[in-house]
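Only one structure is covered here, and it is reproduced in the block below.
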Amino acid sequence: MIFETQDEAEWRAHLRGLRAGEERIDWAMTRIDTLCGRLVQPTTYRLSLFVPDPAGDPDRDQPDH
């Protein structure tokens, strides 16, 4: 997870800052979730980064069988 908040204004400001910043983000590797709490909990906004599966890495140590 890169960022999480329950404040929608803070969420929008954070995304604007990422889009306008000098550091480039691979948006194809991000996940944006809006977790709707309805009446029980507040809505949560979450920005996550996908992590490549290490099982597909040929340099990864394989366990001995």
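The values are calculated or read from the model by the stated rules, or taken from the named source; none is laboratory data. Remember, predicted model here, so these are calculated numbers, not experimental data. Cβ placement follows ideal geometry from the backbone for every residue including glycine, while neighbour counts extend to all protein chains displayed. Surface accessibility is based on the protein's heavy atoms, side chains included, excluding ligands, DNA and RNA. Shrake-Rupley method; radii C 1.70, N 1.55, O 1.52, S 1.80 Å.
Quick look at the values:
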| item | result |
| --- | --- |
| Odd one out for Phe3, checked against (1) of a type outside the set (Val, Ile, Thr); (2) modelled with pLDDT of 95 or more; (3) loosely packed, with under 12 Cβ neighbours inside 10 Å | (3) |
| Odd one out for Arg24, checked against (1) open to solvent by 90 Å² or more (accessible area, probe 1.4 Å); (2) outside any loop (DSSP other than H, G, I, E, B) | (2) |
| Residue that is most open to solvent (accessible area, probe 1.4 Å), among those in the stretch 27-41 that are of a type outside the set (Asp, Glu) and under 24 Å from Pro52 (Cβ atoms) | Arg31 |
